[in-house]
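Below is one structure, written out as structure tokens, with a few remarks after it.
The values are calculated or read from the model by the stated rules, or taken from the named source; none is laboratory data. Just so we're clear, the structure is a prediction, and the values are computed from it rather than from any experiment. Please note: Cβ atoms are built from the backbone with ideal geometry, for glycine as well, and neighbour counts cover all protein chains shown. Surface areas here come from the heavy atoms of the whole protein model, side chains and all, with no ligands, DNA or RNA. Shrake-Rupley method; radii C 1.70, N 1.55, O 1.52, S 1.80 Å.
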2 protein chains.
Amino acid sequence: MEIKPTESELEILQVLWEKKACTVRDVHEELAQNKDAGYTTTLKLMQIMLEKGLVERDATNRTHIYKPLISIEHTRQNMLNKMIDTVFNGSASQLVMQVLSNKTSSKEELDMIKNYLEKLENNT
Amino acid sequence: MEIKPTESELEILQVLWEKKACTVRDVHEELAQNKDAGYTTTLKLMQIMLEKGLVERDATNRTHIYKPLISIEHTRQNMLNKMIDTVFNGSASQLVMQVLSNKTSSKEELDMIKNYLEKLENNT
DNA sequence: TCAAATGTACGAATGTTTTCGTAAATGCAA
DNA sequence: TTGCATTTACGAAAACATTCGTACATTTGA
């Protein structure tokens with residue numbers, strides 16, 4: 001699967017991932033909180049996403065219901081891999097340390113990560 | 001600073017970060033290894049980057065010398081923050097764990113990260 | 001010296017993404 | 001019923017990014 005969502009498409013996917021199934025209006029209203037673009041803009045984008053296979057829809061009723069066709073995990077991983085390749089010289093650990101250095105994480109978060117690391121090491 | 005480099009601009013920045021100072025030809029030759037686009041394309045892009053303030057140049061001599069004006073760390077952090085905000089619900093640790101789960105890192109890398117984490121915890 | 005090579009400048013073509021206007025169909029409520 | 005609101009479809013404009021052709025200046029070396 002080599003479809004990279006555009007920035008606007010990602011915004012729409014956020015909403016779909018969160019709400020599982022949406023009408024165009026649902027998505028539009030959600031987006032309208034942070035951004036202003038017309039209703040038909042959102043509609044058009046979602047139609048394009050349908051063509052690209054990023055979403056599917058139930059067109060049984062007049063008001064269509066859209067659902068995401070790509071998973072959030074998959075998309076996250078794709079984006080991370082691309083970023084590691086292009087901006088972090090292929091080093092995942094460099095990326096991790098950069099995240100940890102600037103985002104002031106809580107002790108709980110750090111501990112969670114540490115536990116996770118230990119689990120990883122034991123499993124190999 | 002709210003200038004987000006485009007994809008092509010990032011490719012050029014990679015080269016500049018690596019080599020510190022470059023002519024257009026330097027950059028072009030480097031890029032030409034993986035991609036094919038004409039010399040004037042690279043030139044034009046670098047001129048645009050100059051206008052945007054992404055790079056500076058010494059135009060004393062006929063062959064101009066370009067240098068990056070934004071640091072690699074800053075750019076990395078910007079990209080990560082944006083990604084955390086938009087795709088990881090604002091949770092840096094979620095991002096970290098996703099990276100660790102899929103990129104099979106070596107034990108050395110994992111240890112490096114663990115040490116780094118401990119240093120972080122001791123400093124707070 | 002002077003032609004070829006190398007360099008910059010820059011407008012314009014091309015490609016992609018985003019935005020919107022308008023038309024047509026359907027549902028809804030007075 | 002009838003007219004107003006909501007919805008889809010779709011073409012085309014606008015905005016943004018990339019690519020390239022061409023003109024012109026400078027350097028180089030035969």
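I want to verify the translational diffusion coefficient of the range B:7-68 in µm²/s; compute it with Stokes-Einstein, Rh as the Kirkwood radius over Cα pairs, at 4 °C and 1.567 mPa s.
Values: Rh = 11.4 Å.
Answer from the Stokes-Einstein relation: 114 µm²/s.
Carbon and sulfur atoms: what percent of the 1.4 Å accessible area of the protein assembly as shown do they account for? Walk me through the numbers on the way to the answer.
On the way: 6880 of 14540 Å².
Ligands and nucleic acids excluded, carbon and sulfur reach 47 percent.
Given +1 at the Cβ of Lys and Arg, -1 at the Cβ of Asp and Glu and no other charges, the dipole of the protein assembly as shown around its Cα centre is 320 debye to the nearest 20.
A straight chain from B:Ser101 to B:Glu56 at 0.36 nm per residue would run longer than the Cα-Cα distance by 12.2 nm.
Solvent-accessible area per residue for the protein assembly as shown at a 1.4 Å probe radius, Å²?
Values: 14540 Å² over 248 residues.
Per residue, the protein assembly as shown has 59 Å² of solvent-accessible surface.
Interface burial in the range B:64-103 reaches 50 Å² or more for B:Arg76, B:Gln77, B:Leu80, B:Met83, B:Val87, B:Ser93, B:Val96, B:Met97, B:Gln98, B:Val99, B:Leu100, B:Lys103, comparing the full protein assembly with the chain by itself; accessible area from heavy atoms with a 1.4 Å probe. If you run the Gaussian network model on chain B, springs between alpha carbon atoms under 10 Å, then out of B:Ile65, B:Ile113, B:Ile12 the most flexible one is B:Ile113. Across identical copies of the chain, A:Ser91 has label-point separations of 2.8 nm, listed in ascending order, with the point defined 7 angstrom from Cα along Cα→Cβ.
What separates the A:Asp111 label point from its copies, with the point 7 Å along Cα to Cβ, is 2.6 nm, written shortest first. Among residues other than B:Ile48 with Cβ under 14 Å from its Cβ, the summed charge is -1 (Lys and Arg +1, Asp and Glu -1). All distinct Cα pairs of the protein assembly as shown go into the 1/r average, and the inverse of that average, the Kirkwood radius, is 20.7 Å.
Note on chain A: Kirkwood radius taken over Cα pairs, Stokes-Einstein applied at 10 °C and 1.306 mPa s, translational D equal to 93 µm² s⁻¹.
Excluding ligands, DNA and RNA, what is the accessible area buried between chains A and B, summed over both sides, using a 1.4 Å probe, to the nearest 100 Å²? Don't skip to the answer; put the middle values down first.
Working: alone 9440 and 9440 Å², together 14540 Å².
Buried area between the two chains comes out at roughly 4300 Å².
For the range A:82-124, GluC sites (Glu not before Pro) are listed when DSSP marks them as loop and at most 16 other Cβ atoms sit within 10 Å of their Cβ; the list is empty. Label-point spacing at A:Ile48 relative to the other copies reads 1.8 nm, in ascending order, each point sitting 7 Å out from Cα along Cα→Cβ. Taking every Cα-Cα distance in the range B:72-122 and sorting them into 10 Å bins starting at zero, the pair-distance distribution P(r) comes out as 22, 42, 36, 0 percent. Summing Cβ point charges (Lys, Arg +1; Asp, Glu -1) relative to the Cα centre of the range A:72-122 gives a dipole of roughly 140 debye. Considering only B:Met112, B:Met46, B:Met83, the Gaussian network model of chain B with Cα springs below 10 Å gives its largest mean-square fluctuation to B:Met112.
What is the calculated FRET efficiency for A:Arg25 to B:Ile48, with r their C-beta to C-beta distance and R₀ = 35 Å, to the nearest 0.05? Kindly include the intermediate steps, with their values, before the conclusion.
On the way: r = 39 Å, r/R0 = 1.11.
For R0 = 35 Å, the calculated efficiency reads 0.35.
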